[in-house]
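Input: a single structure, listed below in structure tokens.
The values are calculated or read from the model by the stated rules, or taken from the named source; none is laboratory data. Because the structure is predicted, anything quoted here is derived from the model rather than measured. Here the Cβ positions follow ideal geometry from the backbone for every residue, glycine too, while neighbour counts run over all protein chains shown. Quick note on the areas: whole protein, heavy atoms, side chains included, nothing else; ligands and nucleic acids left out. Shrake-Rupley method; radii C 1.70, N 1.55, O 1.52, S 1.80 Å.
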Amino acid sequence: MKETYNHTEIEAKWQKVWLDGKIFRAPDDSAKKKYYVLDMFPYPSSAGLHVGHPLGYTATDIMSRYLRMNGYNVLHPMGWDAFGLPAENYAIKTKVHPEKSTLASITTFTRQIQSLGFSYDWDREVTTCLPDYYRWTQWFFSFLYKNGLAYRRKAPVNWCNSCNTVLANEQVENGKCERCKKDVIQKDLEQWFFRITDFIEDSGNTNGLLSGLDTIDWPESTKISQRNWIGKSEGAEVDFEIEGLDEKISVYTTRLDTIFSGTFLVVAPESPLVMRITTTDQKKDVEEYVKKTALKTELERLELEKEKTGAFTGSYALNPATGAKMPIWISDFVLAGYGSGAVFADAHDERDFEMAKKFGIPLKISLRPENDELWEKVKNLEVCYPDEGTLVNSGEFDGLTSAEARTKLCDWLGKKGMARPKVNYKLRDWLVSRQRYWGAPIPVVYDDDNNHYLLPDDELPVLLPHDVDFIPTGESPLRKSVSFHNPEDMKRIEEKLKSSGEMPKERHLTRRESDTMDTFVCSSWYMLRFMDPKNPAAFASKELMKKWGPVDLYVGGAEHTVLHLLYARFFTKALHRYGYLPYDEPFAKLRHQGMILAEDGQKMSKSLGNVINPDEVVEKYGADTLRCYEMFMGPFDQKKAWSMGGVEGVRKFLDRTYRVSLKPIVAEKPGDDILAVLHKTVKMVKEHIEELRFNTALSQMMILTNELTKLEKVPHSVLETFMLILSPFSPHLAEEIWNGALGHKDSIAFESWPEYDPKYLIEDEVTYAVQVNGKLRGELIIGRDAEKEEVLSRAKELENVKRHLEGKTIVKEVFVPGKIAGYVVK
């Protein structure tokens, strides 16, 4: 009997069958119930696929295959998020056009993905850097502009004078450009924005970005991150008059209960108010401080641990509650873009407290904590007390709690015309302009008076030109492209704009918009294009978007929580508001995969030399082995360290399964013992696939394989059922056994999922959740009657548990009979 199977031959054979026969095409006209399974599509880099990609892709492929076997018409597409800065930087470095290098990378990625046997509908493939896709990205810009959701204004950006380019926050390290290590400054530039803030709250029948989170099945940690990023707060806007000037400063605060302790005001250095209120004596200090602030990024300015700095303007405001004079300072921890760009400062805010102590600004206490010992320190200004308390030194409001006082103080000041309730948000509108080349051109033109005009739809796509120099100069390479500003094209567009009445007769077009769009715009709607990828008349038909949407299961990394995932929700809600979509959330169910670490437990990195190439694993052990191993490593959503020993162990399981198929296959009725294991396995695999608990599903199939190896003859019905439940995990081997040893002619892919018989499910085993320091690290299936010592001993041998115990001392064991086995380590 053969000890192992020829994975190279078997996998190539079935991949050809699937691709040539378009086995996994999702027909639009099927009467079956739909299910849309989607991966976050990859950026095709020159490095090729890494072993982190197949983790999520295998999970969605298992789900897709399982759902087809349960009668669903499954849409499972793949495409490429192909625009972006890495490809442009690579072009600058190698002098290879980014389109050429990107398309070459896509070819490599496609080969690698197909070598793993994923059941994608390749007829729906999309590539964001090709005109047939970004023509519709440009249409979305037009759609948002026409509905008042895209606009242009000046905004501060990170600017490197050495490289002459705008940098993203992620490209700035400690105030230096990551490329040239020179200082980065803040600079105002005209930029395009999308009005995402218009969708924070409910509008008509469209749920807002906040309330919509309650309607979707997402990880709670992801929902919390989005809520925090949006940053809704309910407070009051308070007016402070400026002594000697006919001006006032409006301040937003959530802590109106501390108004009586307000002793100074702090204004953002970049506020236009600053130079109007700065006195002659203080002008030099203020100007120097404003220049220093311009050298800092927003992230640096918000760093809580940094030393507080500032400059006194020489002017004073009047506290509306007390009438007391409050010196007005500027400090970089206040940002002009949040709230009103000013805060009233008091003893009950830690930043204010530190700043007052440093500059000798008087402080006053207006809140008392319950703890008498703490109160002694607070009233003597030894410590800052920032929490809720009981009001003191607050006139008629003494004795009220903070919560009571906020409402009453707002009413009191409101009657004087000095305060009003207000809701504020941290979320800002989305800045989409990029002074880079490799992105979708913005469909706008300008006349000789710098007025801008949206291009007519029949002028789309605005093609990305090739006659460009990629070296950054401080403006988009498109600005100097001759073909991009072709006079004949400009004349044609001008005539159309004038004939429609949008452009005055006396004006003349001089240039196109040379900025490109943030590449997150491309990925904010790609899930819709997959529903109707060949449509030349629309980004997708309303009929097919209604049929296929929303995405039923979306799998990808948590790092996209407040970028892609938030932007895609915004696009979907905008389309819903204006009647294009019958749903306002793009992804009904979302799951994140955990990171795959190197064998040494570190993040995989080229510089560390610990990256695993999936091609090498597939060549040596087979695609099915890689698929099953990545699912077997541990809980799907947790970090897991790679182990070549683990890979070999999974390959041995598949070889054992293959050897079972080489035994005599008989039509005899199976014995009750094997039926008990079989039906338990069918039930468990079904339930655990649906819960994305793939590692325990595989564990149970390994138990079934071990039982089958003990048989001299294998019942046909048992092996048939086993192959059906194995096929989503190990599709190549399952197809081979299904067609070879079992004699079937058709693919296993659309066979019905087997039912289990409850009469064989007498539970003699239980599943223990195995924890290390309170975190789930594995699951142990063991006899119900197993003693504590045996459970704890067996649990330690689980691969993922063993890894987290290695090199540590167990200080406590946790045991809850039938439920939990755990270890506290240090």
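Relative contact order for region 274-360: what is it in percent, counting Cα pairs under 8 Å that are at least 6 residues apart?
With pairs under 8 Å counted, the relative contact order is 25 percent.
Charges on Cβ only, +1 for Lys and Arg, -1 for Asp and Glu, centred on the Cα centroid of region 557-600; of A588, Y567, Y578, which one is farthest towards the dipole's positive end?
Ranked along the dipole, the leading option is Y578.
If you count, for each residue, the other Cβ atoms within 10 Å and average over each peptide, how do 611-621, 496-506 line up from highest to lowest?
Those peptides, ordered most packed to least, come out 611-621, 496-506.
Kindly provide the trypsin sites (Lys or Arg not before Pro) of region 511-585 that DSSP labels as loop, not H, G, I, E or B, and whose Cβ sees at most 16 other Cβ atoms within 10 Å.
K534
Using only the Cα atoms of region 438-508, what are the Rg and Dmax in Å?
Values for region 438-508 (Cα only, Rg and Dmax): 13.0, 39 Å.
If you place +1 on the Cβ of every Lys and Arg, -1 on the Cβ of every Asp and Glu, and leave all else neutral, what size is the dipole of the chain about its Cα centre, to the nearest 20 Debye?
Computed charge dipole of the chain: roughly 860 debye.
Run through the DSSP bridge list for the chain and note the antiparallel percent, rounded to the nearest 5.
Taking every DSSP beta bridge within the chain, about 75 percent pair in antiparallel fashion.
With every protein chain left in place and a probe of 1.4 Å, what is the accessible surface of L144, to the nearest 10 Å²?
In the full protein context, L144 sits at about 0 Å².
Roughly how many Å² of H452 are accessible to a 1.4 Å probe, to the nearest 10?
My reading of the accessible area for H452 is about 60 Å².
Which one of T696, L363, Y658 is farthest out on the positive end of the charge dipole of the chain, using unit charges on Cβ (Lys, Arg +1; Asp, Glu -1) and the Cα centre as origin?
Of the candidates, Y658 comes out farthest on the positive side.
Need the full-extension length gain, K669 to L563, defined as separation in residues times 0.36 nm minus the C-alpha distance. One decimal, nm.
32.5 nm
By how many nm would the segment from K710 to T809 lengthen if fully extended, with 0.36 nm per residue of separation less the alpha-carbon distance?
Length gained, K710 through T809: 31.7 nm.
Checking the cross-link filter: which lysines have an alpha carbon closer than 27 Å to that of K377, excluding same-chain neighbours under 8 positions apart?
K306, K308, K325, K357, K358, K364
Add -39500 (n - 2.57) for each DSSP H run of 4 or more in the chain, then divide by its residues: what number comes out at 222 nm, to the nearest 500 deg cm²/dmol?
After summing the helix terms and dividing by residue count, I get -10500 deg cm²/dmol.
What figure in square angstrom, to the nearest 10, would you give for the accessible area of R255 with a 1.4 Å probe?
Here the residue's solvent-accessible area equals roughly 50 Å².
For region 282-418, what is the accessible area per residue in Å², given a 1.4 Å probe and the full set of protein chains?
Spelled out: the 1.4 Å probe surface of region 282-418, per residue, equals 51 Å².
So how far, in whole Å, is the C-alpha centre of region 522-594 from the one of region 328-344?
37
Collect residues whose amide H, placed 1.01 Å from N in the peptide plane, falls under 5 Å from the amide H of S250; neighbours closer than 5 in sequence don't count.
F240
Could you give the alpha-carbon Rg of region 1-48 over 2.2 N^0.38 Å, rounded to two decimals?
1.77
If you plug each phi of region 331-346 into the Karplus form 6.51 cos²θ - 1.76 cosθ + 1.60 with θ = phi - 60°, what whole-Hz ³J(HN,Hα) values come out, in order, with x for Gly and Pro?
For region 331-346, the Karplus curve yields 8, 6, 7, 9, 10, 5, x, 10, x, 9, x, 8, 9, 8, 10, 8 Hz.
Taking H placed 1.01 Å from N in the peptide plane, check which residues at least 5 places from Y823 or on another chain put their amide H under 5 Å from its amide H.
Sorted by chain and number, the residues that satisfy this are Q771, V772, N773, G774, V814.
Using only alpha carbon positions, build the gyration tensor of region 174-255, then give the equivalent ellipsoid semi-axes as the square roots of 5 times its eigenvalues, largest first, whole angstrom.
Working through the eigenvalues yields semi-axes of 31, 28, 15 Å.
Short version: what are the Cα gyration tensor semi-axes of region 478-523, square root of 5 times each eigenvalue, largest first, in whole Å?
24, 15, 9
Which angle from 0 to 90°, rounded to the nearest 10, does the C-alpha axis of helix 52-69 make with the longest principal axis of the chain?
60
Given the convex hull over the Cα atoms of region 225-322, what projected area results after averaging over all orientations, in nm²?
8.0
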